[in-house]
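As structure tokens, the structure follows; a few thoughts come after it.
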Amino acid sequence: MRSVGLSQQFEMRGWVRGEAKLRALAEADLLVLPSRREGFPNVLLEAMAAGRPVLASAVGAVPELVLHNDTGLLMRRRYRRPG
């Protein structure tokens, strides 16, 4: 994010659990889950239950949880090839 000048706009908390997770969801404006692979990510359910909008990669079971333009936004992830 530094390379595009967005480092002051986002906070990357990484893995949080318990009370810290509940505080993070309460403070969040948006939950972003840019995964390459996922199963059934509970964090999306938790964010939606907390009333937070979600933006997630359309992988694994995510499209079953997030209906694009309805319950959140889905993105197709583009990968850069090395070299």
>> Restricting to segment 60-72, count the residues that are farther than 23 Å from R23 by Cα, out of contact with any Lys or Arg (no Cβ under 9 Å at 6 or more places or on another chain) and either among the acidic types (D, E) or surrounded by 13 or more Cβ atoms within 10 Å (Cβ to Cβ) (or both).
In response: 4
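Tell me, please, whether a residue that is of a type outside the set (F, W, Y), touching a His at 6+ places or on another chain (Cβ under 8 Å), surrounded by 10 or more Cβ atoms within 10 Å (Cβ to Cβ) and free of Cβ contacts under 8 Å to residues at least 24 places away in the same chain can be found in segment 45-59. Quick ask: steps written out before the conclusion?
Going residue by residue through segment 45-59, those that are of a type outside the set (F, W, Y) are 45-59.
From what's left, touching a His at 6+ places or on another chain (Cβ under 8 Å): 58.
Retained after the next criterion (residues that are surrounded by 10 or more Cβ atoms within 10 Å (Cβ to Cβ)): 58.
Add one more test, that the residue is free of Cβ contacts under 8 Å to residues at least 24 places away in the same chain, and what stays is 58.
There is at least one residue in segment 45-59 that is of a type outside the set (F, W, Y), touching a His at 6+ places or on another chain (Cβ under 8 Å), surrounded by 10 or more Cβ atoms within 10 Å (Cβ to Cβ) and free of Cβ contacts under 8 Å to residues at least 24 places away in the same chain.
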> Within segment 34-44, which residues are in a loop (DSSP other than H, G, I, E, B) and either surrounded by fewer than 11 Cβ atoms within 10 Å (Cβ to Cβ) or touching a residue at least 60 places away in the same chain (Cβ under 8 Å) (or both)?
Replying inline: P34, R36, R37, G39
> (1) under 22 Å from T71 (Cβ atoms); (2) in a helix (DSSP H, G or I): which one isn't true of G51, the others all being true?
Replying inline: (2)
>> Taking the condition of being assigned to a helix (DSSP H, G or I), surrounded by 10 or more Cβ atoms within 10 Å (Cβ to Cβ) and of a type outside the set (G, A, S), how many residues in segment 1-32 meet it?
In response: 5
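Here, each number is a calculation from the coordinates, and none is a lab measurement. Quantities reported herein were computed from a predicted structural model and do not represent experimental measurements. FYI the Cβ positions are ideal-geometry reconstructions off the backbone, even for glycines, and counts take in every protein chain you see.
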